[in-house]
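Worksheet: one structure, shown below.
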Amino acid sequence: MVAQSRSIQILDPCPEEHLEERARSAALSSMAGKVIGLLENRKYHADAFLHELRHILEQDYGVKKVVYATKFSYSAPCAEETLDALVLECDAIIHGIAD
């Protein structure tokens, strides 16, 4: 006779105990001449939305440069390296989601 044992793994959806607080930046007085980051979350149509937004930012608002980045998955937090790179290069970042 073979004995079988079963186990269940329970995941705790609660946030971690230590929360990192980040300060909000001051609002931009204008977007003209600025570098704007667009962060896509990989949801359906997010890329189409952000590509259209890129065009509008450049044509209508005089944005100097748009930096485009993509998260690995819409359900996971953005990689710290991606956020750090955007923060270093951009005057403002827009996180675009869609469905």
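The values are calculated or read from the model by the stated rules, or taken from the named source; none is laboratory data. This is a predicted model, so every value here is computed, not measured. Here Cβ is always computed from backbone atoms with ideal geometry, including for glycine, and neighbour counts include all displayed protein chains.
Can you tell me which residue in segment 40-93 is surrounded by the most Cβ atoms within 10 Å (Cβ to Cβ), limited to those that are farther than 20 Å from residue 28 by Cβ and of a type in the set (Asp, Glu)? The selected residue is 40. Here the condition is being at pLDDT below 85 and surrounded by 14 or more Cβ atoms within 10 Å (Cβ to Cβ); of 37, 96, it holds for 96 alone. Checked across segment 83-97, the condition of being assigned to a loop (DSSP other than H, G, I, E, B), within 30 Å of residue 13 (Cα to Cα) and either in contact (Cβ under 8 Å) with a residue 12 or more places away in the chain or touching a Phe, Trp or Tyr at 6+ places or on another chain (Cβ under 7 Å) (or both) holds for at least one residue.
Provide a single number: the residues in segment 61-99 that are among the basic types (Lys, Arg) and touching a helix residue (DSSP H, G or I) at 6+ places or on another chain (Cβ under 8 Å). Lay out the reasoning, then the answer.
If we filter segment 61-99 for residues that are among the basic types (Lys, Arg), which is where we start, we get 64-65, 71.
Narrowing further to those that are touching a helix residue (DSSP H, G or I) at 6+ places or on another chain (Cβ under 8 Å): 71.
Residues in segment 61-99 being among the basic types (Lys, Arg) and touching a helix residue (DSSP H, G or I) at 6+ places or on another chain (Cβ under 8 Å): 1 in total.
Just checking, how many residues over segment 61-82 are touching a residue at least 12 places away in the same chain (Cβ under 8 Å), of a type outside the set (Phe, Trp, Tyr), assigned to a loop (DSSP other than H, G, I, E, B) and within 20 Å of residue 48 (Cα to Cα)? Here the count works out to 4.
If only one of 83, 88 is over 13 Å from residue 33 (Cα atoms) and modelled with pLDDT of 95 or more, which one is it?
Working: 83 fails: modelled with pLDDT of 95 or more.
Unique residue meeting the criteria: 88.
Scanning segment 24-34 for residues that are of a type outside the set (Lys, Arg) and at pLDDT 80 or above yields 26, 27, 28, 29, 30, 31, 32, 33.
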